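The values are calculated or read from the model by the stated rules, or taken from the named source; none is laboratory data. Bear in mind the structure is a predicted one, so any value in this text is a computation, not a measurement. Quick reminder, even Gly has a Cβ in these numbers, built from the backbone with ideal geometry, and neighbours come from all protein chains shown. Side chains included, ligands, DNA and RNA excluded: accessible areas come from the protein's heavy atoms. Shrake-Rupley method; radii C 1.70, N 1.55, O 1.52, S 1.80 Å.
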Amino acid sequence: METLLKGKKIVLMGVVNKSSIAWGCATAMKKCGAEIIYTYQNDRVKKQLDKLIDPTELTVQCDVSNDEEVATTFAEIHAKVGNIDGVVHSIAFAPKEALEGEITEAPRDSFKVAHDVSSFSLIAVAREARKYMNEGGSITTLTYIGSSRAVNNYNIMGLAKASLEAAVRYLAVDLAKQDIRVNAVSSGAIKTLASSGIKGFRDLLDEAAERTPANKQVTIEEVGNTVAFLMSDLSTGLTGDLIYVDKGTHLS
């Protein structure tokens, strides 16, 4: 376990605090020996991130809604650590008004923002990351079952996640020529800063647990373990896939 990712350099995007799914990924990958390079959106997020990580670990600013900044981020990472072996994309956002009520009430601008940040950002990241990624590299993103089912108040984010999953499939085809695989992990409902913006999310958490065979909620550590596997050479046969890590919520 401790050597599964030994020698691999992984860019992790999306840690906000210790409740973040991305932090579960960081913890799991570090236990497996990976060197983690963290990106953060702005100074406010960096202050939170700095409380969690070792001062020697590399952090680089990256606003994924800005193509020039995405390009600069990966160029800077390459200049400081050389080629990378993987990217974990754990980024999503939709304005609050797009996460409540009926979907017919959602503003057009909210649709654009949600798809830009939550879906197109993966394409923008892959475009730059592939320039500095070793053959046999891996890109993994995080999604949710609201992409394929109508989940109360998930609304526009459900559409954005469906778009994200489609992007995974198309990227998997395009990046295969470099032997880079692209996959998605569909996490079960977890209480995070992002999910707290969904109206009635506490009820959604309880419902998700009730629908699992074991009546338990999935943890960020369990999601992180699967992401670590996808970053490793044990997963070289997988690309363009969607893996559910939700304690079986998707079964019913």
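Scanning region 25-41 for residues that are in contact with a strand residue (DSSP E or B) (Cβ under 7 Å, 6 or more places away or on another chain) and surrounded by fewer than 21 Cβ atoms within 10 Å (Cβ to Cβ) gives K30, E35. When restricted to residues that are open to solvent by less than 70 Å² (accessible area, probe 1.4 Å) and within 17 Å of the chain's Cα centre (by Cα), region 158-179 contains 12. The set of residues in region 85-108 that are over 17 Å from the mean Cα position of the chain (by Cα) and open to solvent by less than 40 Å² (accessible area, probe 1.4 Å) comprises P95, A98, L99, A106. Does any residue of region 65-72 turn out to be small (G, A, S) and under 19 Å from the mean Cα position of the chain (by Cα)? Checked region 65-72: at least one residue is small (G, A, S) and under 19 Å from the mean Cα position of the chain (by Cα). Looking across region 1-32, the residues that are more than 18 Å from the chain's Cα centre (by Cα) and over 21 Å from V245 (Cβ atoms) come down to E2, T3, K6, G7. Among the residues that make up region 134-142, is at least one of them out of contact with any helix residue (DSSP H, G or I) (no Cβ under 8 Å at 6 or more places or on another chain), open to solvent by 10 Å² or more (accessible area, probe 1.4 Å), at negative phi and outside any helix (DSSP H, G or I)? There is at least one residue in region 134-142 that is out of contact with any helix residue (DSSP H, G or I) (no Cβ under 8 Å at 6 or more places or on another chain), open to solvent by 10 Å² or more (accessible area, probe 1.4 Å), at negative phi and outside any helix (DSSP H, G or I).
Scanning region 136-165 for residues that are among the hydrophobic types (A, V, I, L, M, F, W, C) and free of Cβ contacts under 8 Å to residues at least 24 places away in the same chain yields A150, A162. Residue selection: T73 satisfies the criterion of being farther than 28 Å from D246 by Cα, touching a residue at least 24 places away in the same chain (Cβ under 8 Å) and crowded, with 20+ Cβ neighbours inside 10 Å.
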